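Presented below is the structure to which this report refers.
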Amino acid sequence: MARIIVVTSGKGGVGKTTTSAAIAMGLAKKGHRTAVIDFDVGLRNLDLIMGCERRVVYDFINVINGEATLNQALIRDKNCNLLYILPASQTRDKDALTQEGVGKILEDLSKDFKYIVCDSPAGIERGAHLAMYFADDALVVTNPEVSSVRDSDRMLGILSSKSRRAERNQEPIKEYLLLSRYSPERVKLGEMLSVDDVQEILSLHLLGVIPESKSVLNASNAGVPVILDEKSDAGQAYQDIVARYLGEDRPHRFIDDKKGFFGKLFSRSH
Amino acid sequence: MSLLDYFKISKANSASLAKERLQILVAHERSSRNQPSYLPQLQKELLEVVRKYINVGQDAISINFEQDDDQETLELNIVLPDAQVKNT
């Protein structure tokens, strides 16, 4: 049986797709067969972030409708042969995404894969609901910013009441906090909520902090998940996150402002 | 951060303001999240009944639902107007 992971947030633009791509790649690079599914019907973007946009032939909804087999629709990643991408449909009606259809696909994938990463769309509509409904674990991507924190809390409420696990009275979905676009300098200046602040409000287990980083845009420009940029801070942050998710004990990084006095003197203000 | 900023005494701390606002908001939203769905309708109908007999305003009724581990409490508050009650 595969472990189903939903990457969710409620709010848009906080880094769900970046995170889905990075986590899926990280799990696959660690030797686990992993599938990553784009649930954003009508606005697919995971293919672009993974750099396989020109290889999309069939999509999620083709498979649900029986117009293609799962094997025809899955795209093997060019960087890692244990990683497969199931793209969302770009043109079709959102109503084609049904609970039965999604459940069937996840069940089929579960036979072949160790991890299934579900990249949720923003909002709390059908796509977002179905992305989290079957999940075992939830990675809640949050920015240290009021609207993102509020929406994350809202998502937590939905995860605990509207999922399959909740409906069946099973052990609840395991929820983890991923704090992204974090800027230790601004936290130090009192301009940004700190990790502790966000954790205190959401009371979630912190899986990792991803610093605000130029490497994220560079990676998406090139269509390569940022985790493969091993020299970058964001890439390393995601590697830590994957390792922690798999049970490794790694100290948290990128939380404190590491620049010394001279670094501060010469760095430009933001 | 420039050299000047380094010696400047920190200005108004917007992060603590954000935290304070979020804590209040999140606590409020969590308490209403667990409420039964019939609560707004119940409140509306109760208000209609009360207004048949007493002249009270829209905001006169507040319903508060609380859930502990082993019990649920429904608290109902009706603010009566001062003197005119006896006259009607």
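What to note about this one:
- Of all the numbered requirements in (1) part of a helix (DSSP H, G or I); (2) under 19 Å from residue A:154 (Cα atoms), residue B:48 misses one, and that requirement is (2).
- Residues of the range A:104-152 satisfying the condition of being within 12 Å of chain B (Cβ to nearest Cβ), surrounded by 23 or more Cβ atoms within 10 Å (Cβ to Cβ) and in contact with a Leu (Cβ under 7 Å, 6 or more places away or on another chain): A:142, A:144, A:149, A:152
- Output for the range A:30-42, where each listed residue is out of contact with any strand residue (DSSP E or B) (no Cβ under 8 Å at 6 or more places or on another chain) and either at pLDDT 95 or above or in a helix (DSSP H, G or I) (or both): A:30, A:31
- Candidates are the residues of the range A:182-201 that are more than 9 Å from every other protein chain (Cβ to nearest Cβ) and of a type in the set (Ser, Thr, Tyr); the one that is surrounded by the fewest Cβ atoms within 10 Å (Cβ to Cβ) is A:183.
- Any chance residue B:2 is modelled with pLDDT of 85 or more and within 11 Å of chain A (Cβ to nearest Cβ): no
- Listed conditions (1) closer than 21 Å to residue A:250 by Cβ; (2) away from chain B (no Cβ under 14 Å) are all met by residue A:179, apart from (2).
- Long-range neighbours under 7 Å by Cβ, at least six apart or interchain, first residue over 14 Å from residue A:11 (Cα atoms) within the range A:144-163, second assigned to a loop (DSSP other than H, G, I, E, B): A:159/A:173; A:160/A:172; A:163/A:135; A:163/A:173
- Qualifying residue in the range A:206-215 (condition: of a type outside the set (Phe, Trp, Tyr), buried (at least 20 other Cβ atoms within 10 Å of the Cβ) and in a loop (DSSP other than H, G, I, E, B)): yes
- Members of the range A:41-57 found to be buried (at least 24 other Cβ atoms within 10 Å of the Cβ) and out of contact with any Ser or Thr (no Cβ under 8 Å at 6 or more places or on another chain), listed by number: A:50
- Residue within the range B:34-54 that is modelled with pLDDT under 75 and within 10 Å of chain A (Cβ to nearest Cβ) present: yes
- Residues in the range A:164-195 that are assigned to a loop (DSSP other than H, G, I, E, B), under 16 Å from residue A:4 (Cα atoms) and not hydrophobic (A, V, I, L, M, F, W, C): 3 in all.
The values are calculated or read from the model by the stated rules, or taken from the named source; none is laboratory data. Keep in mind that this is a model prediction, so the values were computed, not measured. Positions of Cβ are generated from backbone atoms using ideal geometry, with glycine treated the same way; all protein chains shown enter the neighbour counts.
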